[in-house]
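The next block holds one structure in the form of structure tokens; read it before the comments.
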């Protein structure tokens, strides 16, 4: 694909999403944004890993499970997690994001066709990959704002960038159902969802209402699941 067109399409997510997706209707592409998201995820994994409080993270997990563990065994596990976490972060982060993008594309592809659209999986992956580019802003902000901070449990990473109402609750609310619910209302995630509606409408030939349903239903299930998980565990 033409590099200039690839950059133009990714930039279009910020200033002209309707026109950009309209241009993708006949020639959907996904490789450039997909690789960019994966690359930045790998960089973020390397940058952020030193700020993980591995012991604090492990103690939180044990506490939430309602079990106990001998201190010696705990320290062994902390050492193992730190060692493997630092080694694998450049790989696990982009692989995880890549799988997530593919799964979201699968959901939107299935939903669009169930609603009478004409969307191939490549088109769905194109929509998801381009829409996800706006999340890179949050990733860059996170990498900048975490600099100079003390290591913290991984559960507190969501409070570094105040991108959702959960930031108003403070660090002590992390892990509560309310924090989980408010955390799903992340402004960058909602931005992705809005772009998804536009993309499904323009590329998948759906009405705005049908496109909204395709995006909103699985997102609503995600919100409910995240809240319920926090309430149970």
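The values are calculated or read from the model by the stated rules, or taken from the named source; none is laboratory data. Quantities reported herein were computed from a predicted structural model and do not represent experimental measurements. Every residue, glycine among them, receives a Cβ derived from its backbone with ideal geometry; neighbour counts consider all protein chains shown.
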Filter result for residue 34 (buried (at least 18 other Cβ atoms within 10 Å of the Cβ), more than 30 Å from residue 152 (Cα to Cα) and touching a helix residue (DSSP H, G or I) at 6+ places or on another chain (Cβ under 7 Å)): no
Checking residue 9 against (1) within 22 Å of the chain's Cα centre (by Cα); (2) without any contact (Cβ under 8 Å) to a residue 60 or more places away in the chain; (3) over 19 Å from residue 141 (Cβ atoms), the condition it does not meet: (2)
Breaking point among (1) at pLDDT below 95; (2) closer than 18 Å to residue 41 by Cα; (3) touching a helix residue (DSSP H, G or I) at 6+ places or on another chain (Cβ under 6 Å), for residue 87: (3)
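Results for (1) more than 19 Å from the chain's Cα centre (by Cα); (2) crowded, with 16+ Cβ neighbours inside 10 Å; (3) at negative phi, shown as yes or no for each residue.
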| site | (1), (2), (3) |
| --- | --- |
| 58 | yes, yes, yes |
| 70 | yes, no, yes |
| 80 | yes, no, yes |
| 83 | yes, no, yes |
| 100 | no, no, yes |
Criterion (within 18 Å of residue 126 (Cβ to Cβ) and at pLDDT 90 or above) met by exactly one of 3, 28: 28
Output for segment 176-233, where each listed residue is surrounded by 15 or more Cβ atoms within 10 Å (Cβ to Cβ), more than 18 Å from the chain's Cα centre (by Cα), without any contact (Cβ under 8 Å) to a residue 60 or more places away in the chain and assigned to a loop (DSSP other than H, G, I, E, B): 176
